């Protein structure tokens with residue numbers, strides 16, 4: 001008597017698996033063997049992850065800088081607020097912060113070079129002593145061509161699934177970091193010469 005074929009292995013959720021092959025007929029007087037089971041397809045396009053918007057961020061300092069082509073920029077300080085995450089002593093969990101540079105007048109959504117920033121300190125928010133904000137510090141590689149550039153930061157609370165872009169905090173002009181969106185007119189100004 002012939003034996004059954006081995007079962008296929010199940011893959012991750014996603015597309016349907018392929019059907020197993022048909023069994024072959026046995027010789028007269030014996031049973032044919034069964035075909036093997038198909039394997040399940042790989043994961044489909046929907047990851048099930050949901051973007052988590054960042055409540056607030058801004059480039060704290062410096063507002064402008066001058067650097068040599070290809071050098072490392074001065075340290076850029078970024079303040080981040082995320083309700084239930086950044087308030088209190090120490091670094092809030094799950095925040096990803098990067099500082100970056102791009103062409104003058106451009107959008108940081110594409111064409112910018114990004115570098116990681118590290119947690120630096122706790123900073124007060126609206127109320128003295130509330131330690132509502134986390135401060136991050138990082139540098140980027142200065143472009144190799146002498147020209148004017150913009151720099152800023154971006155923050156993610158969902159592992160990079162979504163980003164909030166951060167420009168400068170300028171109270172006198174009512175342009176307050178990410179509260180009014182990112183604008184090249186309120187980006188950090190880099191002069192490379």
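Numerical summary
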item	result
From the options 47, 86, residue that is modelled with pLDDT of 95 or more and part of a loop (DSSP other than H, G, I, E, B)	86
Residue in the stretch 138-149 that is assigned to a strand (DSSP E or B) and closer than 22 Å to residue 85 by Cα present	yes
Of residues in the stretch 73-114 being within 17 Å of residue 184 (Cα to Cα) and in contact with a helix residue (DSSP H, G or I) (Cβ under 8 Å, 6 or more places away or on another chain), the one surrounded by the fewest Cβ atoms within 10 Å (Cβ to Cβ)	105
Residue match in the stretch 133-147 (condition: under 18 Å from residue 168 (Cβ atoms), touching a helix residue (DSSP H, G or I) at 6+ places or on another chain (Cβ under 6 Å) and touching a residue at least 24 places away in the same chain (Cβ under 8 Å))	no
All positions within the stretch 135-170 that are within 29 Å of residue 51 (Cα to Cα), over 21 Å from the mean Cα position of the chain (by Cα) and either surrounded by fewer than 15 Cβ atoms within 10 Å (Cβ to Cβ) or at pLDDT 95 or above (or both)	none
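The values are calculated or read from the model by the stated rules, or taken from the named source; none is laboratory data. Everything numeric in this text was worked out from a predicted model, so none of it was measured. Reconstructed Cβ throughout: ideal geometry from the backbone, glycine too, with neighbour counts over all protein chains shown.
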